[in-house]
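Only one structure is covered here, and it is reproduced in the block below.
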Amino acid sequence: AGKPRAFRSSILHCLKAPGARGADGLPDGVEYFEDGVLVVENGHVVEVGPAHALLARLGDIEVVDQRGKLILPGFVDGHIHSPQVDVIASYGTQLLDWLERYTFPSEQSFARLEHARETSRFFLDELLRNGTTTAVVFATVHEHSVDALFELAQARQMRLIAGKVLMDRNAPAALTDTAASGEAETRALIERWHGRDRLSIAITPRFAITSTPAQLESAGRLAREFPDVYIQTHVAENHAEIAAVRDLFPDSRSYVDVYDRVGLLRERALYGHCVHLDAADRRRMAQTGAVAVHCPTSNLFLGSGLFDFDAAAADGMAVCVGSDVGGGTSYSMLRTLSESYKIGQLKGTSLSAFDLLHLGTLAGAKALGVADRIGRFVPGAEADFIVIDWAATPVLLRRSGIAQTIEEKLFALVMLGDDRAISACHVLGENRLSPTTAR
Ligand code: GUN
Ligand code: ZN
């Protein structure tokens with residue numbers, strides 16, 4: 001700490017959503033340095049630029065030579081469940097059965113604080129191994145599930161947004177709270193954690209099926225009282241789920257409207273899935289600043305449906321991506337983004353490699369309202385970045401080696417890469433993958 005360091009490598013990031021192509025073939029808003037340096041001091045970005053010019057100016061600064069590799073911003077996972085570490089890859093069901101058969105039983109074991117701690121430790125280290133430096137997390141109904149997660153995230157200096165799940169009906173008794181207790185515990189967590197280091201609280205009604213109207217109203221009141229606290233939930237993931245919501249809330253125009261009526265649509269509100277929305281829902285999301293979190297591996301694994309990128313863009317709905325582990329099948333945002341690409345293919349939208357990079361980094365930062373701090377290398381930003389090793393696997397090495405442009409190389413990385421391609425994961429400048437700092 002204190003002394004600046006220059007990380008020398010190829011460097012790629014999005015300064016904004018990729019726009020029209022320039023003469024160099026790069027979209028407007030995408031910045032690439034074949035031989036670049038990222039200058040970091042006290043955990044923050046000082047500047048980024050071409051190696052020769054910057055190193056000449058900076059004199060005898062310490063250089064970390066990573067030439068031949070690629071530096072990207074750390075990934076932002078917009079939707080994931082910490083208590084589903086042991087649920088991932090459970091066979092053969094769709095959403096509502098999957099919740100009852102696998103997820104609710106597993107979440108009950110978080111009643112034991114020691115289990116919550118051990119699982120949260122595995123969870124956070126797995127995120128870092130995959131190059132995810134910021135995540136938006138559903139814990140369990142237990143207040144201490146958030147404490148356990150945040151104590152460990154704080155030790156790793158990670159940026160984490162999490163909430164105690166609110167559930168006061170249609171779940172096992174051991175996993176339910178009440179509107180009053182859920183509100184009181186969320187309030188206590190806000191006081192204890194919100195804004196401390198890089199940690200923030202999300203008001204977290206699981207979904208409309210497991211909250212009474214009274215609990216949703218309580219969540220809406222909290223959202224108004226604490227405008228900088230996040231909101232996260234699930235919406236319009238699966239047809240049986242949507243039918244159940246229609247039965248429970250016959251007066252609402254749509255599933256999105258259930259949340260809208262109680263004031264849960266606003267900026268800093270992240271809605272997982274958004275697979276089966278209509279144009280009015282998407283426009284209302286856009287109008288209020290709520291964000292859709294696309295969860296491709298989960299939507300395929302649980303057979304939920306195919307997210308419509310074109311419709312989201314046409315209606316102005318903001319989108320980022322999430323792994324949704326354990327409904328999702330990988331912690332890797334590279335794998336997650338490759339499935340986003342394939343879903344786009346099935347829906348007639350071919351997302352570019354740069355669109356995919358943007359979805360996994362800056363789009364998440366924007367969804368969280370922290371694009372000045374993470375997701376791109378602007379001066380003063382927090383130095384969360386990853387280092388890609390092209391030689392991680394024989395196939396990646398061979399395919400990226402014959403690629404002619406950074407776009408082709410990046411696309412190969414997204415299609416072929418996973419945790420093996422992440423050779424370092426820097427959080428506030430420090431590599432958290434080295435064995436000495438991993439605890
Ligand atoms: N809807 C309500 N709870 C969940 C969950 O845990 N995972 C997914 N994918 N969808 C949900
Ligand atoms: Zn989820």
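The numbers here are math on the coordinates, done by the rules we state, and not lab data. These numbers come from a predicted model, not from an experiment. Note that we place each Cβ from the backbone using ideal geometry, even for glycine, and neighbour counts take in every protein chain shown.
For the chain, with a Gaussian network of springs between Cα atoms less than 10 Å apart, report the residue from TYR32, TYR91, TYR102 with the top mean-square fluctuation.
Fluctuation is largest for TYR91.
Identify which of ALA292, ALA148, ALA311 has the largest mean-square fluctuation in a Gaussian network model of the chain, with springs joining Cα atoms closer than 10 Å.
ALA311
Counting only pairs 8 or more places apart or on different chains, how many lysine pairs in the chain have C-alpha atoms closer than 29 Å?
15
Once fully extended, how much extra length lies between LYS347 and THR178, figured as 0.36 nm per residue of separation less the alpha-carbon to alpha-carbon distance?
Extending this stretch completely gives an extra 56.7 nm.
Considering only C-alpha atoms, what is the centroid distance from region 78-153 to region 403-425, in Å?
Region 78-153 and region 403-425 have Cα centres separated by 28 Å.
Anyone know which of PRO250, PRO379, PRO27 comes out most mobile in the 10 Å Cα GNM of the chain?
Fluctuation is largest for PRO250.
Using only alpha-carbon positions, what ratio does the radius of gyration of region 1-145 give when scaled by 2.2 N^0.38 Å?
This ratio for region 1-145 stands at 1.47.
Which whole-percent values make up P(r) of the chain when all C-alpha to C-alpha distances are grouped in 20 Å steps starting at zero?
Each 20 Å bin holds this share of Cα pairs: 27, 58, 15, 0.
Could you give the length gained by full extension between GLU267 and ARG283, i.e. 0.36 nm per residue of separation minus their alpha carbon distance, to one decimal place? If you can, show how the numbers build up before the last one.
Values: separation 16, 0.36 × 16 = 5.76 nm, distance 1.39 nm.
So the chain would gain 4.4 nm between GLU267 and ARG283.
Run the numbers on the chain and let me know its relative contact order in percent, using alpha-carbon pairs under 8 Å that are six or more apart.
Worked out over the chain, it gives 19 percent.
Given a Förster radius of 25 Å and the C-beta distance between ALA188 and GLU118 as r, what FRET efficiency does 1/(1 + (r/R0)^6) yield to the nearest 0.05?
After rounding, the FRET efficiency stands at 0.60.
Extent of region 1-61 along each principal axis, from alpha carbon coordinates, in Å, largest to smallest?
39, 22, 15
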